[in-house]
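Below you'll find the structure, written out as structure tokens, and then a few comments.
The values are calculated or read from the model by the stated rules, or taken from the named source; none is laboratory data. Here the structure is a predicted model, which means the values were calculated and not measured. Cβ: placed from backbone, ideal geometry, glycine included. Neighbour counts: every protein chain shown. We work out accessible area using only protein heavy atoms, side chains counted, and drop any ligands, DNA or RNA first. Shrake-Rupley method; radii C 1.70, N 1.55, O 1.52, S 1.80 Å.
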Amino acid sequence: LRRAPAEGSHGERPAIGKEPSRKAVRQAFAKAKVGKVDEISVLTPGTQRTPEGNAWMAGVQFPEGVTYQQTLKKLPGLASAMGVGLSQVALDPVRGNEGRGVVWCADSDPLSGPPIPSPLLRLDRPFDFWTDQIPIGADVRGRPLGFSLVERTLLVGGEQGGGKSVLC
């Protein structure tokens with residue numbers, strides 16, 4: 001038997017919440033087919049709010065024989081089991097232990113805010129091609145992403161008169 005959806009809920013599953021229990025986190029991983037509930041552990045100290053206050057995170061021990069990479073492939077199912085959007089969930093590896101990960105879950109969609117201006121606009125010195133990374137945006141946690149052009153190949157394409165020569 002299934003419970004009828006509450007009035008006004010449109011049958012949506014409730015989100016995991018801002019302070020989920022260890023059991024709720026284990027159940028979400030189990031529903032994402034990472035393993036059975038009793039094979040998954042949430043590491044001490046359990047779920048914690050992030051310093052920014054916009055998300056929670058928890059260390060998770062996967063079932064024996066299940067790796068971080070295997071679990072990462074199930075991230076869409078994990079987001080679904082938690083009742084949140086894919087952009088609200090991240091899974092980071094634990095250095096030195098392939099059977100563990102740190103799950104991060106935002107309270108709301110971190111990509112729904114206003115555009116983030118390029119850090120190059122605020123640069124108070126010349127850009128150093130050899131040491132600086134070229135900013136390309138931010139990840140869902142707001143951490144800057146960039147890359148270095150040193151020892152890389154760059155192909156620039158575009159229509160005639162589009163400014164390709166000015167770019168390079």
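What whole number of Å gives the distance from the Cα centroid of the range 83-108 to the Cα centroid of the range 20-47?
Computed from Cα coordinates, the inter-centre distance equals 12 Å.
Between ARG125 and GLU159, what is the label-point separation in nm under the 7 Å Cα-to-beta-carbon projection?
Here the answer is 4.0 nm between the modelled labels.
Using 0.36 nm times the number of residues separating LEU111 and ARG143, minus their current alpha carbon distance, what extension gain do you get? Walk me through the numbers on the way to the answer.
Working: separation 32, 0.36 × 32 = 11.52 nm, distance 1.23 nm.
Stretched out fully, the LEU111 to ARG143 stretch lengthens by 10.3 nm.
In percent, how large is the relative contact order of the chain, given Cα pairs closer than 8 Å and 6 or more residues apart? Each step should come with its number before you reach the end.
Details: 231 pairs, mean separation 25.9, N = 168.
15 percent.
How far apart, in nanometres, would the label points at ASP92 and THR67 be if each is projected 7 angstrom from Cα along the Cα-to-Cβ direction?
Simple spin-label model gives 2.1 nm for this pair.
Per DSSP helix of 4 or more residues, -39500 (n - 2.57); summed, then divided by the residues of the chain. What does that give at 222 nm, rounded to the nearest 500?
On the way: 4 runs with 27 residues, N = 168.
The per-residue figure over the chain is -4000 deg cm²/dmol.
At 0.36 nm per residue, and after removing the present C-alpha to C-alpha distance, how many nm does the segment from LEU43 to SER118 gain when stretched out fully?
Values: separation 75, 0.36 × 75 = 27.00 nm, distance 3.71 nm.
Here the segment from LEU43 to SER118 would lengthen by 23.3 nm.
Summarise the accessible area of the chain (1.4 Å probe, protein heavy atoms) by the percent that is carbon and sulfur. Before the final figure, lay out the partial values.
Details: 6390 of 12010 Å².
On the chain, the fraction of accessible area on carbon and sulfur atoms equals 53 percent.
Assuming a ≥ b ≥ c are the square roots of the Cα gyration tensor eigenvalues, decide whether the range 92-149 counts as rounded (a/c under 1.5), prolate (otherwise, with a/b larger than b/c) or oblate. Display every interim value, and only then the final one.
Numbers: a/c = 4.09, a/b = 1.45, b/c = 2.82.
Note, shape of the range 92-149 comes out oblate.
For the Cα atoms of the chain, what angle does the longest principal axis make with the long axis of helix 22-31, in degrees from 0 to 90, nearest 10?
Result, in degrees: 80.
Solvent-accessible area per residue for the chain at a 1.4 Å probe radius, Å²? Working shown, then result.
On the way: 12010 Å² over 168 residues.
Spelled out: the 1.4 Å probe surface of the chain, per residue, equals 72 Å².
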